[in-house]
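Since every read-out is calculated from the coordinates, none of them should be taken as a lab result. Just so it is clear, the structure is predicted and the values come from calculations on it, not from any experiment. Neighbour counts run over all protein chains shown; Cβ positions are idealised from the backbone, glycine included.
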Amino acid sequence: MKAPLKYWLFRATSAVRWYLGASTRYDVHSPHLVEFIREVYRDDRHYHAFDLIASVRNYWRGRPGTVKLQSLGAPSKTTSKSERTVRSLVATNAIDDDCGRFLFRLALWLRAKSIIEFGTNAGISTLYLHAADTRATLHTVEGNADVAALAKETFAKAGVGSGLHAHVGLFTDWLEDSPHKSVQAVVPVERMPITTKVPDNEPLDLFFLDGDHRYQPTLDYVRALLPSRSENAVFVIADIHWSEEMERAWEELKLFPEVTASVDVYHFGLLFFKEGVSGPHISLISTRFKPWRLGFFGAQG
């Protein structure tokens, strides 16, 4: 059996398992998570920043050129090519608008002042995080210098603020060289020494991990940043159903003693650390996909 077919069969069975076990908002009773669902998960307000990001995405759709790929984490399940067109990379690897807007609303709800992103890619997800509050400190790390150059172009097109800092390097190197951690300022396009320190008194409000989709590194990155988290911090892990490794990592992350609740929205897994929030650990789906769970058929909807 060819690897791509194996991969898609796994994805299909994983999605079915997730769907069968998913709960709706009517199954959630924690006030903190009820607020999260209202302000982040269900909010469909349109913000001006979305139009700006859409224009940047449209720019990439017509942008010629190619980019070299590097195998820095888990290998691709769908291609073995060492080079791709820029437009296809952005179309398939950059975050989609629904997920990007979710990150924007999450950062807005948290009033996040300190954000770390591992996996800049072409910078579309970074724009969504940055747009929630351009005064916030946002540090983003990308391992592939060629891809980071695309992000630099994205940031120039969008006209980002001084709070956004980008670094080209391995996630592990960035963590080793930093106290909370440190980062090279201004969006470099080559590996450079890390020079700009994040103040020790600036707790981490939001961490977004969208790179190096392997079991052990995923656990290690979360562990490394746990001491820096704020009380209301949320850690977002992308692609938790991308592979068996990532599903195993997600199950273990939920068991970390610091985690008080978790929400699996399929594309993302969210870890909450707020004291006083005792569970639940749920998979969350919109009621339109499970209309029989509307809450008026009993306590469990």
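Report the residues of the range 201-237 in range of a label on ARG38: point 7 Å along Cα→C-beta, backbone N strictly under 16 Å from it.
Under 16 Å, as judged by backbone N against the label point of ARG38, lies no residue of the range 201-237.
Return ILE37, ILE285 ranked ascending by Cβ neighbour count within 10 Å, so the fewest neighbours appear first. Write down the numbers at each step before the final one.
Working: ILE37 17, ILE285 20.
Fewest-to-most Cβ neighbours within 10 Å comes out as ILE37, ILE285.
If every alpha-carbon in the range 3-133 counts as one equal scatterer, what log10 I(q)/I(0) does Debye give at q = 0.15, 0.23 1/Å?
For the range 3-133 at q = 0.15, 0.23 Å⁻¹, log10 I(q)/I(0) is -0.98, -1.28.
Based on the Cα coordinates of the chain, what is the per residue volume of their convex hull in Å³?
Numbers: hull volume 39.4 nm³, N = 301.
Per residue, the Cα convex hull of the chain comes to 131 Å³.
Where does each of GLU275, GLU153 land when they are ranked from fewest to most other beta-carbon atoms within 10 angstrom? Write out the running numbers ahead of the final one.
Working: GLU275 8, GLU153 19.
Placing the least packed residue first, the sequence is GLU275, GLU153.
Considering only DSSP beta bridges with both partners in the chain, what is the antiparallel share in %, to the nearest 5?
Bridges in the chain that DSSP calls antiparallel: roughly 40 percent.
For THR154, what is the net charge nearby, where nearby means another residue's Cβ is under 12 Å from its Cβ and Lys, Arg count +1, Asp, Glu -1? Don't skip to the answer; put the middle values down first.
Working: positive: ARG57, ARG63, LYS152, LYS157; negative: GLU142, GLU153.
Taking every Cβ under 12 Å from that of THR154, the sum is +2.
Distance cut-off 26 Å, Cα to Cα: go down the list LYS6/LYS152; LYS6/LYS81; LYS152/LYS254; LYS113/LYS274; LYS68/LYS157 and report the pairs above it.
From the list (LYS6/LYS152; LYS6/LYS81; LYS152/LYS254; LYS113/LYS274; LYS68/LYS157), the Cα-Cα distance tops 26 Å for LYS6/LYS152; LYS152/LYS254.
Using 0.36 nm per residue of separation minus the Cα-Cα distance, give me the extension gain between ALA91 and ARG214 in nm, one decimal. Walk me through the intermediate numbers first.
Details: separation 123, 0.36 × 123 = 44.28 nm, distance 2.28 nm.
So the chain would gain 42.0 nm between ALA91 and ARG214.
Taking θ = phi - 60°, what integer Hz values does the Karplus form 6.51 cos²θ - 1.76 cosθ + 1.60 yield along the range 33-40, in sequence order, with x for Gly and Pro?
Using θ = phi - 60°, the values come out as 6, 4, 5, 4, 5, 5, 8, 10 Hz.
Between GLU176 and GLU251, what is 0.36 nm times their sequence separation minus the Cα-Cα distance? Round to one decimal in nm. If you can, show how the numbers build up before the last one.
Details: separation 75, 0.36 × 75 = 27.00 nm, distance 2.59 nm.
Roughly 24.4 nm would be gained on extension.
From Cα pairs below 8 angstrom and at least 6 apart in sequence, can you work out the relative contact order of the chain, rounded to a whole percent?
On the way: 528 pairs, mean separation 53.6, N = 301.
It comes to 18 percent, rounded to a whole number.
Could you give the nm distance between label points at ARG288 and ALA224, where each point is 7 Å from its Cα heading toward the beta carbon?
About 4.0 nm, to one decimal.
Mind sorting GLU247, GLU252 by how few other Cβ atoms lie within 10 Å of their own Cβ, fewest first?
GLU252, GLU247
Just to check I understand the Karplus step: with θ = phi - 60° and J = 6.51 cos²θ - 1.76 cosθ + 1.60, what whole-Hz values come out for the range 155-165, glycine and proline as x?
5, 5, 5, 7, x, 6, x, 6, x, 8, 10
How much FRET efficiency would the formula 1/(1 + (r/R0)^6) give for SER82 and TYR7, where r is the Cβ-Cβ distance and R0 is 22 Å, rounded to 0.05?
Details: r = 19 Å, r/R0 = 0.87.
Given R0 = 22 Å and the Cβ-Cβ separation, E is 0.70.
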